[in-house]
Structures are given as C-alpha cells and as structure tokens.
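The values are calculated or read from the model by the stated rules, or taken from the named source; none is laboratory data. Quantities reported herein were computed from a predicted structural model and do not represent experimental measurements. Virtual Cβ from ideal backbone geometry, glycine too; neighbours counted across all protein chains shown.
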C-alpha cells in the first residue's frame, strides 16, 4: 500500500514508546470494529508502540473522530499498573494547554484499558527533520518554543513527560504544534525504572538524560535534556550520540558531552552552541531548572538571531554551563568556544622550569636566582589576578534555583539550601499557578545572583476573578461606575420596555449578578425604556365588557362615561370611544366609552275596534310603522279586530305594528 496522507497524519498520535512498526500503512487487528465502553467505535490501527497501540476511532456520542490509545493486554491485566495508568491519564487530562494533545476520556472495557485523545491532522517533527535538517537556528528555535511551552505547563502541574522526542511532537496542517504522550511514560517508570521493550529502555535511548541511565530517576530537567537533544538534531540533522546498540548510546550520554552544533554545521552562533550545552549538561544541576527556564533562554537567543547578532559574548557567557572541579575537565580541543572566555583553569602546582644545561660557574648566579624568583612571583601574581577576576566576574555568583510552583515554605528551603535568602514581598494573580505557590522570582530561575544574596519571591494569588455586581435598579451611569470598580467593563447596552422599572434604570445584566468572571469581562446591560406604548384597538360596535377587559390588561384606564339609546348599535356594545382606535397611548392613560342601551322603547296604544284609518294615524304619530292584514272571516267593515304587539306593550320606536281588519 502506498503511504497516504491519512496514515502520515495519524501515525504519531499517542504512541508511548519507540514505534516498532512502520506507520505509513494502516493496520487492522482484532479490535477493529469493536465499540469500547459503548461509545468509541474502533477503526484501523495507525501506530503501535512497546506499551500501547493507537487506533482511529469514532466517538458515537459526540459524532467526532478521535485517537484511541489501547494498552497492550499484558500491561492492562496488571491492576496496579492499570491504576497508575488511570491516575497519570487524569493528571495529563488536566493539562489544558494549546500545545498539548488533549485527553478527552479514559476507560476500561472488560480489561481493555484505553485513552481517547485529540486526533491531529498533520505530520511529526521527525518528518520535518528528515526533509529539512540541518534547520536554520531561527526556525529550529521557533519549532522548539511551543514544545517547551507545553513542557513548562506540565512541569508547573508536577508532571514529567519522560519521552520527549521528535515523534511525539505533532505539527498540524494549520501550523499548530502539539506535544503528545503526557502520562504513560511516567506511569511505566513509576513501576519499573529500567524496563526494556525489545532491548530498548522506557523512553527513547537517543534522548535519555544521563541520570535516567544511571539511577532511573528523573525530574523536569530530564525533559530539558531531551529537548536540548531534539534542538541539536534539528540544527545538525544528526543525533549527538550514535552506537551499534542502545547500551552504547546510553553509555555516551553518561560519559560524553553533546558536541557543539557548530562543530557539524559551521556558522551557527556561539550563543546557540551555549544554549544547547546548557540544556544538555550531563550534570543536571547545571541545566535549566525546568522547561519554563529553558523557554526564557530560548526567547533571549531567538531575539538575538532576529536582530542578526553574529556574536554576543555576554549572552554566550550567561548560557554556558558552569564547570565544577568535581566534573572531568574537557580537553582544550573539546571545550566549547565560549568556555575559554569565561573559565580560567589554575594549575595545582607551579609548572617546572625548563631543563637547564650543564652548570656554568659565573659570578652572575645570584642574579639568575633573582630572575627565577621574579618569574615565580610574576606567575603567582598573574594567577592571583586570574583568581580574583574569576571570583569577581563569576566565582562569587550562583544560579538562582527554579522554585516556580513551590509553596512558600518549600521555596524558602530550596533557596536556603542554595545559600540564598528568600524575601516574600509581592503577590500576583496567575491563571496556571495555584494560590500560595511561587509564580515568579527576581532574579529569574537560572539567572546569576551573588552568593548569600536575596531572591525576591512573588507568590500567586490564584486566578484573578470577580463577581458581577448586582446592577438591577441602578441608573446606567451608576452601573458603569460599579463595573469599573470591580475591574469589569461595559459590553453592549440594550433598551427594553418595562412596566415596572423606571426609564433609564438597569433591568438585568449578562452575565447575571453573582457570576464569577475574569477581569475585563464585558458585562452587557439591559436598560429600561419605560412602559411600552399601546396602540388603541377600535372597539366601536363591539362588546363594552370585552373592551374594558382589554384596556385593563394593557394598563389603560377604561371607563364607561355614558349610555345612549341607539337604533343601530346593540345593547351593551360601544357606540363611540375617546380617544379613537389607532391612537398611541401609554400605561395609565384614560379611555372613555359611550355604550349603547339599544333602541328606545315606546308603549303601544290599544287601537282595537277603531277604524283602520284612525288606528293607523295614532300609531304612526308615535313613530311606529303600520301593516294591515285581513282577519279570518273578513267582512269588509274596516275596523281593527286585533293588533300585535298588543295595547300596553312596549316596542322599539320605528318598529312595525300589525293590525288585523274585519
């Protein structure tokens, strides 16, 4: 199968040890198709290491593609080991950092212990080294900087990666750089310090710090050493120590210094050599205290490169690791270029004078002795001046130990052990360092300070947070002043109608009052515009009861001011309204209604037995209409036999009276 983009991008995700099979070809096995923990459908295997295999998987719950790292059965069956794996996985999952591969979930599906992690689209730093090395110093530092940023976050959280190598540095297609495999290497080394997998120590031997080889113990400085080796490899295209077996390579880590990159690639500035030498010092006490300190030094070197500085003796001297008499002194041809500029090696005894020829008896012998004495005195004077200069320029200084992240008591003890005095004067907020722990020191970790001097320690106040104050009921100006007093800012301001909150007064906020937020968080205000205007509905010809209920619901004061007879409007309906329908009103405004009593009723006179003409005239005079009909048995006499409505009844004015004629 030809290597494809899919296999290339997934190969590094979550591999915890040296990869033992090519990752350019996707591999399937018995786990393919299985659903772990009822959630992760396992796809093709994309990488295999000494302790775990990595699969592409689908998170069925969130419908996303993830990388699932599954521990090999032989390791997962060990309950104690699995428990350590879980604890370390949880610790790694707490590393919320843009340069760390995110850990989403951890589980145990019937003995199959796994991690669900972020899947990165891209390549590894190993691919970049193969294609581009030797890499220019500026680009090499730009690549190592996010790696150190991730390691610094881990070191602050008390985690040591223990397997920093190019294969564990992932470079996404969009340029993001992320470090993978936090947690598993630490869990394994906690159980067995020298476990071998296929003859290879835990962690990759080319990047093992000397102390890991000697006694199996490691702290943050082991990661610093590995990062220094990775930087050397980017600068030169080769590993600093090669051998036919892993044991030979490990032996060289313990007994041989990492060579200066410029010895392989001429033209690399001396201060870059010094940076690599400091990070890869065999004595870990000479290395930066943690990745955060090394990151600070990388920034200094990057700045010098950006300004085009070819040689900076001061920077080189600051970065060059100090040499102590307890370490083997390098031979002159092996010494880094900058050591000669800052270290003077004093002989333990005066060198013997040159061999003299046969003695010649002359009268000038005392002068020769005086000359020899003068030479010895001159040598001693030069040596004394050298010692004095060394002491003044370097000997009286020590390096500030790294105490970032320690408690006050632990930091004070660490500085005291280094012969320094801690002063606790300042406090500062920190998003990453818990309250009460060290967030900064002056001088910074790794910087020079006079023996017996003091180091100003800044303790963390924890995360800077403020509660959104209660602003409802305040005017807009007072609300803005209250926000400024709590280090918050005003976001958007939106008006809203309110029947209960006066115009110009805050109705509500977003976030709500009492919510804890970061400083400078924007708080949006909703300010009252007062009662919302009402467009009056036209109720003419409609029920007055319905009209009064509607007006009351709108906050208007509806009143029936009069009742009138109406021949056209039914009883109880609205004849007219003031103001008329369509008028815009505000809450509390008056609306007057004129309500119909229906038509006016008139008493119908009795006209029975009257002549039809007389009866008709009487009724019409009262406003009635008259209709005549022939009564049963009509005789043609012309008299009213019966009427409807009858006499004495009331009928609306203008209504019809029916007369039956006999």
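Quick notes
- Residue under evaluation residue 648, criteria (1) touching a residue at least 12 places away in the same chain (Cβ under 8 Å); (2) surrounded by 13 or more Cβ atoms within 10 Å (Cβ to Cβ); (3) outside the structural domain of residue 552 (by TED's automatic domain parsing), criterion not met: (2)
- Applying the condition of being more than 20 Å from the chain's Cα centre (by Cα) and at pLDDT 80 or above to the stretch 429-451 and asking which residue is surrounded by the fewest Cβ atoms within 10 Å (Cβ to Cβ) yields 436.
Yes/no per residue for (1) under 22 Å from residue 403 (Cα atoms); (2) within 26 Å of the chain's Cα centre (by Cα); (3) in the same structural domain as residue 261 (by TED's automatic domain parsing):
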{"residue": "134", "(1), (2), (3)": "no, no, yes"}
{"residue": "144", "(1), (2), (3)": "no, yes, yes"}
{"residue": "149", "(1), (2), (3)": "yes, yes, yes"}
{"residue": "154", "(1), (2), (3)": "yes, yes, yes"}
{"residue": "158", "(1), (2), (3)": "yes, yes, yes"}
{"residue": "162", "(1), (2), (3)": "yes, yes, yes"}
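- The lone exception for residue 514 - which of (1) in a strand (DSSP E or B); (2) farther than 30 Å from residue 419 by Cα it fails: (1)
- Selected residue [within 24 Å of residue 409 (Cβ to Cβ) and either over 24 Å from the mean Cα position of the chain (by Cα) or buried (at least 17 other Cβ atoms within 10 Å of the Cβ) (or both)] from 468, 455: 455
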